[in-house]
Every structure is written in C-alpha cells, then in structure tokens.
Amino acid sequence: GNSVTQMEGPVTLSEEAFLTINCTYTATGYPSLFWYVQYPGEGLQLLLKATKADDKGSNKGFEATYRKETTSFHLEKGSVQVSDSAVYFCALSDSFSGGYNKLIFGAGTRLAVHP
Amino acid sequence: DTGVSQDPRHKITKRGQNVTFRCDPISEHNRLYWYRQTLGQGPEFLTYFQNEAQLEKSRLLSDRFSAERPKGSFSTLEIQRTEQGDSAMYLCASSPGQGASGYTFGSGTRLTVV
C-alpha cells in the first residue's frame with residue numbers, strides 16, 4: 001500500500017542554518033505530495049505541495065521538488081528562523097481512492113531552531 | 001468564517017465511559033474527514049463524509065466508534081466504552097471538493113483515557 005517515510009527527529013539547528021528534512025514515498029499511480037506544518041497547540045497547516053513529477057512547491061522560503069525517479073520530496077530552507085520551530089509532516093494523496101483525497105502522512109519530524 | 005472548529009479541545013475520561021466530539025467545518029465545504037494522531041506519529045485516516053453520506057471508514061474505526069454528519073453540516077465522533085489505547089488527538093478537516101490541497105484542519109480534540 002501507499003506509505004510515506006520521513007527522517008526521524010528531532011532536528012536541532014542554529015538560526016540561519018540550512019535545513020533539509022528527507023521524505024520518501026511508496027505509491028501506486030501518480031500521487032500528489034505535500035508538506036504540512038504543525039505549530040505547538042495549533043492544527044495542521046499546508047506548507048507547500050506538488051502535483052506531478054519535477055514540480056517544485058515553495059512557500060515562506062521552504063521548497064520541495066517532486067522526484068519520481070527517487071520517489072522523494074525532501075523539504076529544504078536556506079536559512080531557518082526560531083519561528084520555524086514546529087513539527088513537519090510529509091504526506092501523499094491518492095486521488096484515485098474512491099474519488100476523494102485521503103492523505104497518508106509520515107511520522108513527522110520535529111524541528112527546533114535556537115537563536 | 002473562522003475555519004474548522006473542534007470541541008472540546010481536551011477531554012479526560014475514565015476507561016469504559018463514552019465520549020463525543022464535535023467538528024464544525026467551513027460552511028461551504030461539502031467534504032469532511034476525521035483523522036487520529038497518536039504521540040510521535042502522523043495523522044491516520046478514520047472516515048470521510050461527502051455531505052451527510054459517510055462514504056469510507058478505515059479499519060481503525062472499530063465497532064465502538066461511530067461518526068455522523070446530520071444534514072451535511074457539523075459532524076460528531078462518538079467512542080463507546082473507551083479504552084486506554086483510544087488516547088490520541090482526533091483531528092477533523094474539511095474541503096470544498098476534489099483536491100487535497102483544499103484541506104483545512106481543525107486544532108483537534110486531545111483525548112486522554114485514564
């Protein structure tokens with residue numbers, strides 16, 4: 001079945017450091033890929049998405065490229081801020097699941113950024 | 001519209017008791033989803049409604065769980081005879097139609113069974 005694997009956390013960085021959070025997936029068909037972020041005490045928020053191979057999603061300085069050949073969707077940011085501290089979830093959507101979009105999530109990666 | 005609302009935010013209950021959670025989706029969204037998130041894990045799909053019809057239930061949703069969405073508006077999720085393994089965050093999301101990019105999640109209800 002479809003699944004998402006992401007790197008274990010926590011990831012601890014100093015402010016302005018470069019961030020990479022790895023995500024790989026297993027899926028039949030052609031899923032859409034997403035990164036969601038969960039700040040403490042808040043709900044999941046969509047950070048960025050990509051719907052087909054070689055698409056690059058970007059938002060708030062974060063980027064991820066849909067790599068079909070390596071089945072990956074790694075999240076990157078060139079210079080992190082303390083306010084980026086949160087849990088990041090990689091997810092895929094199988095648009096063939098009965099005509100609606102069920103999301104399958106990875107386990108999440110906690111990011112802690114220190115001043 | 002203030003997004004997806006869930007009530008209560010926190011619930012502590014004794015094992016064996018019944019609990020009910022409520023979700024108010026964004027008013028124009030006809031699709032509603034329930035997910036469960038345990039500590040250190042990503043959310044897992046529980047069930048999906050299109051308007052008032054419950055169209056899919058995960059195998060995670062045992063017979064003790066029931067969800068409704070009367071009149072296609074708010075939804076309730078009831079857990080009967082709660083067990084300690086039910087302790088989790090229960091997330092509700094809604095979307096206007098096809099395309100998961102339209103998902104809006106609520107802040108969740110954290111259930112603790114003691």
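Remarks
- Pairs meeting the criteria (first residue in the range B:7-24 and exposed (fewer than 12 other Cβ atoms within 10 Å of the Cβ), second residue among the charged types (D, E, K, R), beta carbons under 6 Å, at least 6 apart or on different chains) are B:H10/B:R110; B:G16/B:R81.
- Of all residues in the range A:33-40, none are more than 30 Å from B:K57 (Cβ to Cβ) and of a type in the set (V, I, T).
- Complete set of residues in the range A:81-91 that are surrounded by fewer than 22 Cβ atoms within 10 Å (Cβ to Cβ) and closer than 15 Å to A:P10 by Cβ: A:V82, A:D84, A:S85, A:A86, A:V87
- Strands (runs of 3 or more DSSP E) contained in the range A:15-115 and holding at least 3 residues within 12 Å of another protein chain (Cβ to nearest Cβ) and under 13 Å from the mean Cα position of the chain (by Cα): A:32-38, A:44-50, A:86-94, A:102-105
- Taken together, B:Y48, B:Y35 contain a single residue that is within 16 Å of A:A91 (Cα to Cα), touching an Asp or Glu at 6+ places or on another chain (Cβ under 7 Å) and not β-branched (V, I, T), which is B:Y35.
- Within the range B:61-72, one or more residues are at pLDDT below 90 and either farther than 17 Å from B:F45 by Cα or of a type in the set (D, E) (or both).
- Hey, B:R31 farther than 17 Å from B:T112 by Cα, at pLDDT below 95 and touching a Pro at 6+ places or on another chain (Cβ under 8 Å) or not: yes
- Residue list for the range A:40-72, filter: within 15 Å of A:I104 (Cβ to Cβ) and surrounded by 20 or more Cβ atoms within 10 Å (Cβ to Cβ): A:L44, A:K49
- Residue ID - farthest from A:A53 (Cα to Cα), chosen from residues in the range A:1-14 that are of a type in the set (S, T, N, Q) and part of a strand (DSSP E or B): A:S14
- The residue of the range A:13-39 that is surrounded by the most Cβ atoms within 10 Å (Cβ to Cβ), among those that are among the small types (G, A, S) and within 19 Å of A:S72 (Cα to Cα), is A:S32.
- Of everything in the range B:64-101 that is touching a residue at least 60 places away in the same chain (Cβ under 8 Å), surrounded by fewer than 20 Cβ atoms within 10 Å (Cβ to Cβ) and not basic (K, R), the residue that is farthest from the other protein chains (Cβ to nearest Cβ) is B:Q80.
- Number of the exception - A:T71 against (1) over 30 Å from B:G3 (Cβ atoms); (2) hydroxyl-bearing (S, T, Y); (3) touching an Asp or Glu at 6+ places or on another chain (Cβ under 9 Å): (3)
The values are calculated or read from the model by the stated rules, or taken from the named source; none is laboratory data. Keep in mind that this is a model prediction, so the values were computed, not measured. Here Cβ is always computed from backbone atoms with ideal geometry, including for glycine, and neighbour counts include all displayed protein chains.
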